[in-house]
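Take a look at the structure set out below.
The values are calculated or read from the model by the stated rules, or taken from the named source; none is laboratory data. Keep in mind the model is a prediction, meaning the values are calculated, not measured. Here the Cβ positions follow ideal geometry from the backbone for every residue, glycine too, while neighbour counts run over all protein chains shown. Surface accessibility is based on the protein's heavy atoms, side chains included, excluding ligands, DNA and RNA. Shrake-Rupley method; radii C 1.70, N 1.55, O 1.52, S 1.80 Å.
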Amino acid sequence: ALPSRVKIVEVSPRDGLQNEKEFVPTDIKVELVNRLAAAGFPNVEAASFVSPKWVPQMADGADVMARIERRPGTIYSVLTPNMKGFEGALAAGADEIVIFGAASEAFSQKNINCSIAESIARFEPVVQAAREAGIRVRGSISCALGCPYQGDVPVASVVDVAQRYLAMHVDEIDVADTIGVGTPQRVRDVMTAVTRVVDPARVSGHFHDTYGQALANILAALETGISIFHTSVAGLGGCPYAKGATGNVATEDVLYMLRGLDIDTGVDFDAVVDIGQWMSAHLNRKGSSRAGNAIAAK
Ligand code: HMG
Ligand code: MG
């Protein structure tokens, strides 16, 4: 049976915007976060505390965090690749941090400039400090369904990173299809293997939609007991260090599908369609959510 409720982590302020060439004004980022929280998302990925040389678009993370309205009960999460990022997150009052490693060596080098083993060693003090400060921790596993540099990624490599995260006591593990190459059978295989070692209630699916497989992949993941998904309004997104990757699965499309499956999210669908249209207008392009565009055209 499918879960009756799904938790959506809205990642557009971070994954959605990080790849935008033109700097998105801090005011717009703040409004995006505020509107998403008001629409009912339990978790909004609001910023990254990464090197501004590596990802200039995320350089204003501390300002974004300082200026948003905090809705009680909403978790505002931020990316932290190292202790320097953690210190920023702590000062900003983040509710949750995200350490982000990879199941592929080649991608680890490109994205965070170190090997998988080095990244794990770097994350350990970060996770420990977060736990001491009472901050939730998510561990993201990039390239869990394929890598732009290495190609196939063995399921065992994904499980290996998941086990390393578990040993650090992360709260949630994000299985990420960074470049959107996965297909449902592969998703079933990876999720089945990961949930053999991690409680499915603590595993999420983070799907990019490059090859148009993301909704099918979410359905496949739901069938393996996964009930947390990452989505981005208007399908914004992409990683600057993942060649050829397009946006995350569009939030509007996922909400539409889940509503059809009678799965509750607690999110106001109409408000999300409006946010998607507003954000796309700001970025001067048509968003890639099929459901969002269909409803807006009515
Ligand atoms: P490095 O160059 O090896 O690091 O980069 P370093 O420690 O040698 O530091 C170099 C410079 O960066 C120094 O400054 C540091 O102070 C500064 P300088 O002395 O040259 O002036 N620095 C920082 N500044 C601010 N905040 C920090 C920070 N750390 C160092 N936290 C590093 C290593 C990890 C920092 C770099 O590679 C980096 O920032 N990478 C981030 C890349 C990124 O953000 N990628 C996108 C997010 S991941 C993603 O999208 C995937 C995901 O969506 C899931 C999926 O789809 O797969 C999550
Ligand atoms: Mg991503």
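Peptides 12-20, 46-54 ranked from most to least packed, by the mean per-residue count of other Cβ atoms within 10 Å: 12-20, 46-54. Here the stretch 187-298 is assigned +1 on the Cβ of each Lys and Arg and -1 on the Cβ of each Asp and Glu. Its dipole about the Cα centre then comes out at about 400 debye. Of all complete DSSP H helices in the chain, those with a Cα span along the helix axis of 15 Å or greater and a mean Kyte-Doolittle hydropathy of -1.0 or more are 26-38, 116-132, 155-167, 184-197, 269-283. Working ranking of peptides 239-245, 180-186, 67-73 by packing, defined as the average number of other Cβ atoms within 10 Å per residue, highest first, is 180-186, 239-245, 67-73.
Only the Cβ atoms of Lys and Arg (+1) and of Asp and Glu (-1) were treated as charged; on that basis the dipole of the stretch 1-155 about its Cα centre amounts to roughly 240 debye. Is the shape of the chain best called rounded, prolate or oblate, per the rule: a/c under 1.5 gives rounded, else a/b larger than b/c gives prolate, else oblate, with a ≥ b ≥ c the square roots of the Cα gyration tensor eigenvalues? Rounded, because the longest to shortest axis ratio a/c is under 1.5. Note on Ala201 and Asp171: their simple-model spin labels are 1.4 nm apart, each label 7 Å out from Cα toward Cβ. Using a probe of 1.4 angstrom and keeping all protein chains present, the accessible surface of the stretch 187-289 works out to 38 square angstrom per residue. When DSSP beta bridges are restricted to pairs lying wholly in the chain, around 5% turn out antiparallel.
Efficiency by 1/(1 + (r/R0)^6): what FRET value for Arg131 and Ala62, r their Cβ-Cβ distance, R0 = 22 Å, to the nearest 0.05? Plugging the Cβ-Cβ distance into 1/(1 + (r/R0)^6) gives 0.50. Highest mean packing first, where packing is the average number of other Cβ atoms within 10 Å per residue, the peptides 21-27, 108-114 line up as 108-114, 21-27. A simple spin-label model places the labels of Cys114 and Arg5 3.7 nm from each other, with each point 7 Å out along Cα-to-Cβ. Applying a 4.7 Å Cβ-Cβ cutoff to the chain leaves Cys114, Cys239 as cysteine residues with no disulfide-compatible partner. Within the accessible area of the stretch 60-210, the carbon and sulfur atoms contribute 48%, probe 1.4 Å, all protein chains present.
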